[in-house]
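Following: one structure in structure tokens, then a few remarks.
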Amino acid sequence: MIFIIALGSASFELDHQQRYQASIQEVSNMDYRLFTTSGSIEDETYSGAEVLQSIQRIQKIGANIQVEGITFTQSIDIDNTDVSMINLKKSYRTKYVRNTAGLITTIIFT
């Protein structure tokens with residue numbers, strides 16, 4: 001009886017640990033600064049490296065990105081796109097353009 005209880009407990013703990021690791025992996029892949037913000041964050045700044053990373057993840061972000069007056073749409077081929085105008089050492093301020101439903105359609109870095 002003790003063996004059955006120990007086996008059931010170990011099975012439960014193993015399942016719990018696997019679900020915990022899966023949720024940690026899912027959270028680590030999210031960029032909360034771009035996905036889960038609901039308030040006004042117009043004064044937030046990003047480094048040039050973060051801007052470049054945002055362009056590389058443009059399809060996951062689900063919004064167009066404008067940098068230095070150049071707009072990158074969600075349909076770009078990032079491997080064949082010139083991003084040399086992005087200064088990796090510069091800090092960029094953000095402005096968000098939203099549609100009537102409140103969803104972000106364009107992120108503008110200036």
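Per residue, how much accessible area does the chain show when a 1.4 Å probe rolls over the protein heavy atoms, in square angstrom?
70 Å²
Roughly how many percent of the accessible protein surface of the chain is carbon and sulfur, given a 1.4 Å probe and a whole-percent answer?
Looking at the chain in its full context, I get 55 percent from C and S.
Any idea how far apart Leu14 and Ala101 come out in nm if each label point goes 7 Å out from Cα toward Cβ?
4.3 nm
Please quote Rg/Rh for the chain to two decimal places, taking the Kirkwood radius as Rh and restricting both calculations to Cα atoms.
1.25
About the Cα centre, and with charges only on the beta carbon of Lys, Arg (+1) and Asp, Glu (-1), how big is the dipole of the chain? Nearest 20 debye, please.
220 debye
In the chain, what percentage of the DSSP-assigned beta bridges are antiparallel, given to the nearest 5?
Bridges in the chain that DSSP calls antiparallel: roughly 75 percent.
Please compute the modelled spin-label separation between Thr81 and Thr110, points set 7 Å along Cα→Cβ, answer in nm with one decimal.
Taking the two extended label points, one gets 2.1 nm.
The values are calculated or read from the model by the stated rules, or taken from the named source; none is laboratory data. Owing to the predicted nature of the structure, the values given are computational and were not obtained by experimental measurement. Counting neighbours? That spans all protein chains shown, and the Cβs are built from the backbone with ideal geometry, glycine included. Remember, those area values only see protein heavy atoms, side chains included, never the ligands or the DNA or RNA. Shrake-Rupley method; radii C 1.70, N 1.55, O 1.52, S 1.80 Å.
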